[in-house]
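Below is one structure, written out as structure tokens; comments come after it.
What follows is calculated from the coordinates using simple rules that are stated; it is not laboratory data. The structure presented is a predicted model; accordingly, all values stated were derived computationally and were not measured. Heads up, the Cβs are rebuilt from the backbone with ideal geometry, glycines too, and the neighbour counts pull from every protein chain shown.
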């Protein structure tokens, strides 16, 4: 591609971006949980998004914003429900919005313990 075409197709693509290099936590040496969480900023993928979400949540708490937590019902039917319950109980969340989900899954998971294998199986009424 000639220089003129390149400039029109991909303008500014030769510019250096001012971003951090991808780098994860160094597990050599003594483990430090706080440093591992801090390393999420440069780990990439969901780890970096989690670090950004934590920053946003801290800003929201600092400004006394009303915090809404939205999730699908399968989050409540999974082991993550304890995390959601903790966030609501401890006042980290002002409003919880969730979908209604599948009645059978929710009923079964609230009536008995579920194993990890159960979550991949199709529920049948008994």
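Below are the figures for this structure:
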quantity: Full-extension gain in nm, residue 27 to residue 80, via 0.36 nm per residue minus C-alpha separation; calculated: 16.5 nm
quantity: Highest to lowest packing among 67-76, 24-33, 44-53, scored as the average C-beta count within 10 Å; calculated: 67-76, 44-53, 24-33
quantity: Inter-probe distance in nm under a simple model that places probes 7 Å from Cα toward Cβ, at residue 46 and residue 72; calculated: 1.3 nm
quantity: Extension gain from residue 60 to residue 92, taking 0.36 nm per residue of separation minus the Cα-Cα distance; calculated: 10.5 nm
